[in-house]
Amino acid sequence: MTAPRELAGQVAIVTGGNRGIGRDIARHLAEAGARVVVVARTEERANAAAADLPGEGHRGAGCDVVDGAAVEALVRDVEHGAGGIDIVVNNAGVTNDNVIVRMPDEAWDAVVDTNLKGAFHVIRAVARGMMRRRRGRIINITSVVGITGNRGQANYAASKAGLIGLTKSVARELASRGILCNAVAPGFIETEMTAALGQQAREALAGRVALGRLGTGDDVASVVRFLAGPGAGYITGQVIVVDGGMVV
């Protein structure tokens, strides 16, 4: 049986798409038929990730989403080459953990600028073209930490909570133009970082999850693929938690 290609002919941008969850999201969208632009901080990393995607028409782009002018230039370039952008996944994110009384301004700014302001830059840049075409899907990758908070992650939690508020505001602003905006909030997901933890630490994390295991990038990416596809045409302004029942 031929795999469904529900996103055939569409163009998707995935920021932070060169590793981790972002890499899995880019692969799922490519498998659904989309032409994917993988955005990473360096052209080399972006191109390498794009070359690994199934299908044709993918490309990499080096861009720091903190730089609003660079984001605008990237979006203009993609639109000029592809004729429009149909799907955007704001996945680029960083952490710089510390307890609040020891957190320097630089650590706060670095996390909030990338995780929240970066998403704002991307959404602002793509919204104009989507509004002209009266269609588009914007999907923001937030975190359950943005809902629950977490000790030692005030900057990260604030950026992810802000991303939820941004999602809901954009959904309200752009719905009349046929543009949907949603967020996906992962819980504990298997990454390079969790893979480096000892068995005891991994079991402790899994013990906090109702399903008894850590999630995978595919668990998150499959939800993103759904939100980007035709089955999610009446969903906007929502936060879909993918955490195996960690937060109920």
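The values are calculated or read from the model by the stated rules, or taken from the named source; none is laboratory data. Since the model is a prediction, treat every value here as computed from it, not as a measurement. A quick note on method: Cβ atoms are made from the backbone with ideal geometry, for glycine too, and the neighbour counts reach across all protein chains shown.
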Considering region 171-215, residues that are at pLDDT 95 or above and assigned to a helix (DSSP H, G or I), and then whichever is nearest to the chain's Cα centre (by Cα), we arrive at Ala171
Mind telling me which of the residues Val144, Val101, Val170 ends up being of a type outside the set (Asp, Glu) and under 24 Å from Ala40 (Cβ atoms)? Val170
Criterion violated by Thr167 - all others in (1) crowded, with 20+ Cβ neighbours inside 10 Å; (2) of a type in the set (Val, Ile, Thr); (3) out of contact with any Cys (no Cβ under 6 Å at 6 or more places or on another chain) satisfied: (3)
Being of a type in the set (Asp, Glu), over 25 Å from Gln153 (Cβ atoms) and touching a helix residue (DSSP H, G or I) at 6+ places or on another chain (Cβ under 7 Å) is the requirement here; does Glu6 meet it? yes
Does any residue of region 137-147 turn out to be more than 16 Å from the chain's Cα centre (by Cα), closer than 27 Å to Val242 by Cβ and hydroxyl-bearing (Ser, Thr, Tyr)? no
Please verify whether Arg102 is within 22 Å of Arg225 (Cβ to Cβ) and either of a type in the set (A, V, I, L, M) or over 16 Å from the mean Cα position of the chain (by Cα) (or both), treating the condition exactly as stated. no
Can you give me the number of residues within region 130-149 that are closer than 20 Å to Ala92 by Cα and either assigned to a loop (DSSP other than H, G, I, E, B) or touching a Phe, Trp or Tyr at 6+ places or on another chain (Cβ under 9 Å) (or both)? 6
